[in-house]
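Presented below is the structure to which this report refers.
The values are calculated or read from the model by the stated rules, or taken from the named source; none is laboratory data. If you're wondering where the values come from, they're calculated on a predicted model, not measured in any experiment. Using ideal geometry, Cβ is built from the backbone for each residue, glycine included, and neighbour counts are taken over all protein chains shown. Ligands, DNA and RNA are stripped out before the accessible areas are found, and what is left, the full protein with its side chains, is counted by its heavy atoms. Shrake-Rupley method; radii C 1.70, N 1.55, O 1.52, S 1.80 Å.
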Amino acid sequence: MSLRKDFANGLLAENPTFRLLLGMCPTLAVSTSVFNGIGMGLAATFVLVGSNAIVSLVRSIIPEKIRIPCYVVIIATFVTVVDLAMAGFTPALHQTLGIFIPLIVVNCIILARAEAFASKRALLNSIADGFGMGIGFTLALVVLSLIREMLGTGVVFAAPDFNFAGVKLLADEYRSVIMILAPGGFITLGCTLGLINWLSRRRSSGGSKS
Amino acid sequence: MRDTIRLSVILGIICVISALVLSGMYSLTRDRIEQANARKLEEALAQVLPGQNSFKAFEDLGNALNGSVGSVTEVYLASGDDSGGIAAKAAPAGYGGPIEMVVGIARDGAVRGVRIISQSETPGLGTEVTRDAFTGQFEGRSTPESLKVKQDGGSIDAVTGATISSRAVTRGVSDVLDVFHRLSALGVLAGGSSSAGEEEQN
């Protein structure tokens, strides 16, 4: 399989959020604003690429039976190293993305890709897969948080860390706070998944109906 | 049996390597992280007490006030030309965890500035308390009694839908003000009533 195909796989065909339904917990938690969504997506992409690369490199020396605990140790170590390095060398970036790093540890996309892909494939393919999955995760977060932020706060792209108040789309009396709380996360995710399934089924059944 | 030992040894080796990598990274970044945190704190202190750029940590807070300091965690005495004020760090419990904030109080006992350093409130709701529109309300206030949100009979406008977060920030400010008054009564603050206390040192 070509590198390009491995990369594109994560964007739509096997989008981690909409297709594989992985990492639902961080998805629900951070898709409250586009700014948070992009931050989490970028941090997760970086960790995915790194952990896929490491797991792919050591895949031949790790015995089959204990591979899962090994991956957990490797991923946890890598995430902590990234966290420390960011705090030490790029404090400004750490201030913005730092809160997402601990959340990545509980993101099962990372472990799932290590197990399903990187443990069986060559280094470059694994890196391409990490990139694709990461960008796919970021795209999904942006879609969900765009809907939730607009309906919940009436404003999109608000970025308090950069002193940007956001673009106002809805008047205050039309916004409903529930959309940025947990129930709104489930409602948005459910409706989006339903829409995507409906669209893909319609497409796969061909033009027989229309 | 032999397999069990072999697998344990391999897993053990991987853990040891991880521990080595982690400790190496930790010692490599420890100083830088401490410096960055110290710089961040200094910036925050200078922001809540404008015109002051020299602060001295007050070490003995718990003992001096018999341990009852509310949500206040650290106190910095302003020194230099216009000394007598304090900047204090407080961490009142909000809706999603402690809200870390710094509060500056001028020597006349009026709040000069309030800044939220870190919080984990609900995005879009509780996070509104970090904005100047909310924190600006505290400036110039000097009596802890009036520092309550309107729902509790005070005069602070709580953020709509975020009464718990607003209440927490308000309690943080009033705790700092309370600590200021008690330190002032003890005479540990430079200037004002503390001139006698200063002479006693050495």
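3J(HN,Hα) couplings calculated from phi for segment A:92-100 with the Karplus curve 6.51 cos²θ - 1.76 cosθ + 1.60 (θ = phi - 60°) are, in sequence order, 5, 5, 5, 4, 7, 9, x, 5, 7 Hz; Gly and Pro show x.
Within a straight-line Cα-Cα reach of under 26 Å, residue B:40 can be paired with the following lysines, leaving aside sequence neighbours fewer than 8 residues apart in one chain: B:56, B:89. The per residue volume of the convex hull around the alpha-carbon atoms of chain A is 144 Å³. Residues in chain A average 49 Å² of solvent-accessible surface per residue, probe 1.4 Å, ligands and nucleic acids excluded. Couplings 3J(HN,Hα) for segment B:170-176, derived from phi with the Karplus relation 6.51 cos²θ - 1.76 cosθ + 1.60 (θ = phi - 60°), are 4, 5, x, 5, 6, 5, 5 Hz, where x marks Gly and Pro.
Take the Cα atoms of segment B:1-80, build their convex hull, and give its volume per residue in Å³.
Residue-normalised Cα hull volume stands at 168 Å³.
Basic side chains Lys and Arg get +1 at the Cβ, acidic Asp and Glu get -1 at the Cβ, and with that the dipole of chain B about its Cα centre reaches some 780 debye.
Two decimals is fine: what's Rg over Rh for chain B, C-alpha atoms, Kirkwood radius as Rh? Before the final figure, lay out each step's value.
On the way: Rg = 22.1 Å, Rh = 19.0 Å.
Ratio value, two decimals: 1.16.
Springs join every pair of Cα atoms under 10 Å in this Gaussian network model of chain B, and among B:111, B:21, B:188 the largest mean-square fluctuation is at B:21.
Its Cα centre serving as origin, the protein assembly as shown has a Cβ charge dipole (Lys and Arg +1, Asp and Glu -1) of approximately 2540 debye.
Rolling a 1.4 Å probe over the protein chains gives residue B:15 an accessible area of about 60 Å². Helical content of chain A, expressed as a calculated mean residue ellipticity at 222 nm, amounts to -20500 deg cm²/dmol (DSSP H runs of 4 or more residues, -39,500 (n - 2.57) each, divided by residue number, nearest 500).
What average count of beta carbons from other chains do you get within 10 Å of the Cβ of residues in B:9-22? Working shown, then result.
Numbers: counts 0, 6, 7, 0, 1, 10, 4, 0, 3, 8, 2, 1, 5, 5.
What the average comes to for B:9-22 is 4.
Dipole of segment B:1-72 computed with +1 at Lys/Arg Cβ and -1 at Asp/Glu Cβ about the Cα centre; of B:61, B:44, B:28, farthest Cα towards the positive end is B:28. Considering only A:28, A:155, A:189, the residue lying farthest towards the positive end of the dipole of the protein assembly as shown is A:189, judged by Cα position with unit charges set on Cβ.
Quick one: helix B:2-48 against the long Cα principal axis of chain B, what's the angle to the nearest 10°, folded into 0 to 90? Once rounded, one gets 20 degrees.
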